[in-house]
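Participant: Sharing a structure below in C-alpha cells format, with a few things to ask.
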Amino acid sequence: MVNQEKGMTMPTLYYVHDPMCSWCYAFAPVWRRIEAEITGSIAVHYVVGGLAPDSDQPMPLHLQDKIKNTWHRIQAAVPGTEFNFDFWTHCEPRRSTYPACRAVLAAKHFGPEYEVKMIERIQLAYYREARNPSDVATLCELAGEIGIDVDAFGEWMNSEACQALLESDLDKARALGVMGFPSLVLAKDNRLTPIPLDHNDPQITLRALNLGP
C-alpha cells in the first residue's frame, strides 16, 4: 500500500491468527482498538496460521480437558472474556481448525469486508453459541448470517483455489517466523519486526509501533 501524501510505501502489520484460537478471541477487543488507532498510517494484513489440520476424528478427552482449562485460564487473565462451556456437551469436538481458516479466506473472496465479519462470526458461534466451526455445515450457516450466498460460499470454500490460498497463508506465517497465535509482525523498509502484544493493554503494541503515548 502506498501513502499518496508522502509518496512512500506504507508499513504493513501482519496479524497472524486462527479463527478458532481462544487466545485470539480474547485478544479481539484490544486488537480492534489497535486497528482503529493505526488506520491510515499502517496497513493491516490478516494471515491465517492454521492451528490444526483437517480431521474427522473426535477430540481425545485429555485434549478436551486441556482446552477447557485454557478457557478458564483466559477468563482469569483477560477479564470480561466469556466462554459457553455447553460447547463440550452440545457438540462433538474435533481438533480441526483448517475448515474455519478456509471459511475466512472464502468469505474474503466475496468481498474484503467479509473477512473480519467471518472471523468475528466464527468466534461468536464457537465461544458464545456452542456451535462447531469444525463442521462445514456450520460454516456455511455462518456465511449466510453475514450476508454471503450460502451455495456459492460452500462451493468456493471447498475449491482447489481456496485450498491454495490456505497453503499460501500457512507458508506466509512460517516465513514471518510466527510461533503462536495471535502474533503481530511489522514489515517496514524490507525488514520484519515482531511486535509485542498484551491481551489487556493496546498501548503495549501502539508504543512498539511508535503510536502510543
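Participant: So which chymotrypsin sites (Phe, Trp or Tyr not before Pro) in the stretch 1-96 end up in coil per DSSP with only 12 or fewer other C-beta atoms within 10 Å?
Facilitator: On the way: sites: Tyr14, Tyr15, Trp23, Tyr25, Phe27, Trp31, Tyr46, Trp71, Phe83, Phe85, Phe87, Trp88; in loops: Phe83, Phe85.
Those satisfying the criteria are Phe85.
Participant: Quick check: Cα centre of the stretch 150-213 to Cα centre of the stretch 78-122, how many Å?
Facilitator: 16
Participant: Could you work out how much longer the chain between Glu155 and Ala130 gets when fully extended? Use 0.36 nm per residue separation minus the Cα distance between them, nm to one decimal.
Facilitator: Using 0.36 nm per residue and subtracting the Cα-Cα distance, I get 6.5 nm.
Participant: Show me the ranking of peptides 149-158, 102-111 by mean Cβ neighbours inside 10 Å, starting with the highest.
Facilitator: On the way: 149-158: 15.9, 102-111: 22.3.
Highest-to-lowest ranking by the protection proxy: 102-111, 149-158.
Participant: While we're looking at this one, here's another question. Sort by residue number and name the cysteines in the chain that have no neighbouring cysteine Cβ under 4.7 Å.
Facilitator: Cys91, Cys101, Cys140, Cys162
Participant: Here is a further query. Dipole magnitude of the chain about its Cα centre, charges +1 at Lys/Arg Cβ and -1 at Asp/Glu Cβ only, in debye to the nearest 20? List each step's numbers first, then the result.
Facilitator: Working: 19 positive and 27 negative charges, 167 e Å.
Using only the charged Cβ atoms, the result is roughly 800 debye.
Participant: Using only helices, what value at 222 nm comes out for the chain when you add -39,500 (n - 2.57) per DSSP H run of length 4 or more and divide by the total residues, to the nearest 500 deg cm²/dmol?
Facilitator: Values: 9 runs with 106 residues, N = 213.
For the chain, the value works out to -15500 deg cm²/dmol.
Participant: Here's something else I'd like to know. Extension gain Arg32-Lys68, at 0.36 nm per residue separation less the Cα-Cα distance, in nm?
Facilitator: Numbers: separation 36, 0.36 × 36 = 12.96 nm, distance 2.54 nm.
Extra length from Arg32 to Lys68 when fully extended: 10.4 nm.
Participant: Taking H placed 1.01 Å from N in the peptide plane, check which residues at least 5 places from Tyr46 or on another chain put their amide H under 5 Å from its amide H.
Facilitator: Here the answer is Tyr15, since their amide H atoms fall under 5 Å of that of Tyr46.
Participant: Another one. Full-extension gain between Gln75 and Glu167, please, as 0.36 nm times their residue separation minus the C-alpha to C-alpha distance.
Facilitator: Working: separation 92, 0.36 × 92 = 33.12 nm, distance 3.23 nm.
Working it through step by step, the gained length comes to 29.9 nm.
Participant: When we measure straight from the Cα of Lys117, which aspartates and glutamates land under 13 angstrom away, once same-chain ones fewer than 8 places off are left out?
Facilitator: Hits, sequence-local ones excluded: Glu145.
Participant: Rounded to the nearest 5, what % of the DSSP beta bridges within the chain are antiparallel ones? Please list the in-between numbers first.
Facilitator: Working: 13 of 19 bridges.
Of the beta bridges lying entirely in the chain, close to 70 percent run antiparallel.
Participant: Here is a follow-up. Near Lys172, which lysines are there with a Cα under 18 Å away, not counting those fewer than 8 places off in the same chain?
Facilitator: Once the sequence-local lysines are set aside, what remains near Lys172 is Lys108, Lys188.
Participant: Then there's this: I need the phi-derived Karplus couplings for the stretch 189-200: 6.51 cos²θ - 1.76 cosθ + 1.60, θ = phi - 60°, integer Hz, Gly and Pro marked x.
Facilitator: 6, 6, 10, 10, 10, x, 10, x, 9, 9, 5, 10
Participant: Relative to the first principal axis of the alpha-carbon coordinates of the chain, what is the inclination of helix 61-77, with its axis defined by its Cα atoms, in degrees from 0 to 90 and to the nearest 10?
Facilitator: The helix 61-77 is inclined about 40 degrees to the chain.
Rule-based calculations on the coordinates, nothing more; no lab input. Quick caveat: nothing in here was measured; it's all calculated off a predicted structure. Glycine gets a Cβ as well: all are built from the backbone with ideal geometry, and neighbour counts include every protein chain shown.
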